[in-house]
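Student: Structure incoming, see below.
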Amino acid sequence: MAVVRLKALADPTRLKLVSILAELPDDHTVFDPRCGTAYGVCFCHLEDRLGLSAPTISHHLKALREAGLVEAVRVGKWTYYRLLALGIERVLNDVARLRPKPKLIQIEGEAG
């Protein structure tokens, strides 16, 4: 699954989408009036920010959803999008695993 997550973020448009969603909550965020939980932003806000066609944005959102990075929340006839914190945390862990392991170097003359 790490490959799917990293591949999803390798696309510049998807990375921009994630960046937009990471800025939430903002003035365009819709909240549940009962508990105050953020639903996310509607598709039209993403269209305005990206300046891309609806089918193109849908394609990229689908890839991000399938990678577990974004979720869609249906409220009535509207769909709102937001980042999945666990998905982003998994990406950070995926990248952290790529760090080189520290190597112990024995200095000449030291007993080890």
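Student: Relative to the first principal axis of the alpha-carbon coordinates of the chain, what is the inclination of helix 85-96, with its axis defined by its Cα atoms, in degrees from 0 to 90 and to the nearest 10?
Tutor: 30 degrees
Student: Return the long-range amide H neighbours of V70 (sequence gap of 5 or more, or a different chain), with a cut-off of under 5 Å between placed amide H atoms.
Tutor: Excluding prolines and chain starts, which carry no amide H, the hits are R65, L84.
Student: Report the gain in length on full extension from L104 to A38: 0.36 nm times residue separation, minus Cα-Cα distance, nm rounded to one decimal.
Tutor: Details: separation 66, 0.36 × 66 = 23.76 nm, distance 4.76 nm.
Gain on extension, L104 to A38, equals 19.0 nm.
Student: For K77, which aspartates and glutamates qualify as cross-link partners when the Cα separation must be under 20 Å and same-chain residues fewer than eight apart are set aside?
Tutor: Answer for K77, where 20 Å is the Cα cut-off: D32, E47, D48, listed by chain and number.
Student: Also, I was wondering about something else. Which semi-axes, in whole Å and largest first, does the equivalent ellipsoid of the chain have when worked out from the alpha carbon gyration tensor as the square roots of 5 times its eigenvalues?
Tutor: 39, 16, 11
Student: If one computes the Cα centroid of the stretch 1-33 and of the stretch 76-107, what distance in Å separates the two points?
Tutor: Distance between centres, Cα-based: 14 Å.
Student: What angle do you read, to the nearest 10 degrees and between 0 and 90, between the alpha-carbon axis of helix 12-22 and the longest principal axis of the chain?
Tutor: 80 degrees
Student: Right, another one. Could you give the angle, 0 to 90 degrees to the nearest 10, between helix 54-66's Cα long axis and the longest principal axis of the Cα atoms of the chain?
Tutor: Helix 54-66 sits at roughly 40 degrees to that axis.
Student: Using a Förster radius of 41 Å, what is the FRET efficiency between V95 and S53 based on their Cβ-Cβ separation? Nearest 0.05, please.
Tutor: Details: r = 31 Å, r/R0 = 0.76.
The pair V95/S53 has a calculated efficiency of 0.85.
Student: Based on the mean of other beta carbon atoms within 10 Å per residue, what is the order of 1-8, 68-75, most packed first?
Tutor: Values: 1-8: 14.6, 68-75: 16.4.
The peptides rank, most packed first, as 68-75, 1-8.
Rule-based calculations on the coordinates, nothing more; no lab input. Note that the structure is a prediction, hence the values are computed from the model and not measured. Every residue, glycine among them, receives a Cβ derived from its backbone with ideal geometry; neighbour counts consider all protein chains shown.
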